[in-house]
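Working notes, beginning with the structure itself.
The values are calculated or read from the model by the stated rules, or taken from the named source; none is laboratory data. Quantities reported herein were computed from a predicted structural model and do not represent experimental measurements. A quick note on method: Cβ atoms are made from the backbone with ideal geometry, for glycine too, and the neighbour counts reach across all protein chains shown.
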Amino acid sequence: MAARSSGNASQLSMRNPSPKLSVGVPVFNGEQFLAEALDSVLAQTFQDFEVIISDNASTDGTEQICRSYTERDSRIRYYRSDINRGAAWNHNRVFELARGDYFKWLSHDDLCAPEFLERCVAVLDSDPGIVLCFARTQVVDAQCQPLTKFDVPPMTRIDSPHPYQRFHGVICPNHWCFEIYGVCRTAVLRQTSLIADNHTGSDRTLLADLALRGRFYGIPACLLFNRDHQSRSIRIYSPYTVGAWFNPRLKGKIRLPYWRRLLEYTKMVSRCELSWWERLCCYAQLLPYCCRKSANLAMDIGFAVKPLLRRISESG
């Protein structure tokens with residue numbers, strides 16, 4: 001069943017038919033932190049934005065919170081799905097509804113400093129070669145007490161003019177993917193496959209796809225606050241069970257997340273507009289990726305073979 005919108009969409013379009021920036025907030029059962037996240041957006045020094053909330057059939061007080069915010073601010077649109085379609089669908093849904101030149105995902109449990117949007121927009125306005133602008137991230141606990149700061153490792157070269165260096169910088173080093181919560185050019189993001197629902201770690205594959213299309217810029221100031229708490233997906237699921245969180249249809253199915261990610265990297269290099277030399281250099285980056293992830297690739301095979309061996313043993 002199609003998602004439902006609250007409020008008068010045509011009236012909203014008349015008020016602000018083309019906001020500069022769209023903020024997409026995918027949420028499922030986010031009543032504990034959602035209001036704080038929305039407040040941090042409404043407190044931004046940059047104000048030419050819309051907020052799109054997609055509620056993935058929440059069963060807590062999320063709907064009531066969202067509807068109260070749509071009544072307070074006409075820039076907020078709220079959509080609710082009647083069934084849980086998975087995190088990948090929900091993330092892509094808010095982007096599909098976006099109207100701004102720039103786009104940002106905001107997790108329902110994260111917070112932005114007041115100048116986050118203003119500084120990111122200024123960077124993108126000043127340099128058309130930059131496709132994604134992000135900020136240094138502070139990890140906080142459920143009570144917003146600081147835990148650790150996150151910096152993209154300097155060897156990543158995600159600001160390089162060479163696509164293969166940026167591609168290597170995303171796929172090879174081990175680091176969190178907080179860049180996905182930066183501000184991106186909508187037109188460039190529409191050229192990608194967005195958040196895939198057929199493998200885990202699709203935030204990293206999306207970043208790799210973006211890196212092939214342009215440079216990233218990291219603001220050194222700490223402007224994003226990522227909340228670490230016990231109910232977040234990385235605390236609940238393993239790489240072999242989180243697929244059902246991305247897409248409920250994957251529940252119970254055997255997946256090979258690291259091999260799937262390798263396949264996606266290969267496919268995106270083939271479909272991007274690159275010279276033959278750039279394409280060859282990008283393919284070459286898959287070798288160090290395989291070396292770094294060799295244990296994970298082997299674990300994938302072991303995970304897939306184990307049920308087969310068990311069935312053979314039981315039948316014998």
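In this structure, is Thr148 modelled with pLDDT under 95 and surrounded by fewer than 20 Cβ atoms within 10 Å (Cβ to Cβ)?
On the way: modelled with pLDDT under 95: yes; surrounded by fewer than 20 Cβ atoms within 10 Å (Cβ to Cβ): yes.
Here the answer is yes, as Thr148 does meet what is asked.
Could you check, for the stretch 84-104, whether at least one of its residues is among the aromatic types (Phe, Trp, Tyr), more than 14 Å from the chain's Cα centre (by Cα) and surrounded by 20 or more Cβ atoms within 10 Å (Cβ to Cβ)?
Applying the first criterion (among the aromatic types (Phe, Trp, Tyr)) to the stretch 84-104 yields 89, 95, 102-103.
Checking which are more than 14 Å from the chain's Cα centre (by Cα) leaves us with 102.
Checking which are surrounded by 20 or more Cβ atoms within 10 Å (Cβ to Cβ) leaves us with 102.
Yes, because at least one residue in the stretch 84-104 is among the aromatic types (Phe, Trp, Tyr), more than 14 Å from the chain's Cα centre (by Cα) and surrounded by 20 or more Cβ atoms within 10 Å (Cβ to Cβ).
Within the stretch 111-145, how many residues turn out to be assigned to a strand (DSSP E or B) and surrounded by fewer than 16 Cβ atoms within 10 Å (Cβ to Cβ)? Outline the logic, then answer.
The initial filter retains those residues of the stretch 111-145 that are assigned to a strand (DSSP E or B), namely 111-112, 130-140.
Retained after the next criterion (residues that are surrounded by fewer than 16 Cβ atoms within 10 Å (Cβ to Cβ)): none.
Residues meeting the conditions: 0.
When you scan the stretch 256-265, do you find a residue that is in contact with a helix residue (DSSP H, G or I) (Cβ under 7 Å, 6 or more places away or on another chain), closer than 17 Å to Ile158 by Cβ, among the charged types (D, E, K, R) and modelled with pLDDT of 90 or more, even just one?
Looking through the stretch 256-265, none of the residues is in contact with a helix residue (DSSP H, G or I) (Cβ under 7 Å, 6 or more places away or on another chain), closer than 17 Å to Ile158 by Cβ, among the charged types (D, E, K, R) and modelled with pLDDT of 90 or more.
I'm told Cys290 meets every condition in (1) touching a Leu at 6+ places or on another chain (Cβ under 8 Å); (2) at pLDDT 95 or above except one. Can you identify the failing condition by its number?
(2)
Quick check on my filter: what residues within the stretch 98-145 are more than 17 Å from Phe178 (Cβ to Cβ) and among the polar types (S, T, N, Q)?
Ser126, Gln143, Gln145
Inside the stretch 6-105, counting only helices (runs of 4 or more DSSP H) that do not spill past its ends, which hold 2 or more residues that are closer than 20 Å to Ala135 by Cα and modelled with pLDDT of 95 or more?
Correct list: 34-42.
Sort out which residues of the stretch 151-160 are in contact with a strand residue (DSSP E or B) (Cβ under 8 Å, 6 or more places away or on another chain), modelled with pLDDT under 85 and not β-branched (Val, Ile, Thr), and write them in order of number.
Looking only at the stretch 151-160, we keep the residues that are in contact with a strand residue (DSSP E or B) (Cβ under 8 Å, 6 or more places away or on another chain), and these are 151-152, 158-160.
Among the residues that remain, those that are also modelled with pLDDT under 85 are: 151-152.
Answer for the stretch 151-160, where residues must be in contact with a strand residue (DSSP E or B) (Cβ under 8 Å, 6 or more places away or on another chain), modelled with pLDDT under 85 and not β-branched (Val, Ile, Thr): just Asp151.
With (1) under 28 Å from Trp276 (Cα atoms); (2) free of Cβ contacts under 8 Å to residues at least 40 places away in the same chain; (3) assigned to a helix (DSSP H, G or I) as the list, and Phe167 as the residue in question, which single condition is left unmet?
Against the list (1) under 28 Å from Trp276 (Cα atoms); (2) free of Cβ contacts under 8 Å to residues at least 40 places away in the same chain; (3) assigned to a helix (DSSP H, G or I), Phe167 comes up short only on (2).
A quick yes/no check of all residues on (1) modelled with pLDDT of 95 or more; (2) buried (at least 18 other Cβ atoms within 10 Å of the Cβ):
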residue: His162; (1), (2): yes, no
residue: Ile171; (1), (2): no, yes
residue: Cys184; (1), (2): yes, yes
residue: Asn198; (1), (2): no, no
residue: Arg232; (1), (2): no, no
residue: Ile236; (1), (2): no, no
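Among the numbered criteria (1) more than 19 Å from the chain's Cα centre (by Cα); (2) on the phi > 0 side of the Ramachandran plot; (3) not aliphatic (A, V, I, L, M), which one does Thr62 miss?
Of the numbered conditions (1) more than 19 Å from the chain's Cα centre (by Cα); (2) on the phi > 0 side of the Ramachandran plot; (3) not aliphatic (A, V, I, L, M), the odd one out for Thr62 is (2).
Mind listing just one residue for me: the one in the stretch 173-182 that is modelled with pLDDT under 95 and assigned to a loop (DSSP other than H, G, I, E, B) and, of those, surrounded by the fewest Cβ atoms within 10 Å (Cβ to Cβ)?
Restricting to residues being modelled with pLDDT under 95 and assigned to a loop (DSSP other than H, G, I, E, B), the top hit is Asn174.
Residue pairs, Cβ under 6 Å, 6 or more apart or interchain, first in the stretch 35-54 and within 20 Å of Leu97 (Cβ to Cβ), second crowded, with 16+ Cβ neighbours inside 10 Å and hydroxyl-bearing (Ser, Thr, Tyr). List them.
Leu38/Tyr69; Glu50/Ser22; Ile53/Tyr78; Ser54/Tyr79
For the stretch 262-297, what are the residues that are within 19 Å of Pro173 (Cα to Cα), outside any helix (DSSP H, G or I) and not basic (Lys, Arg)?
Gln285
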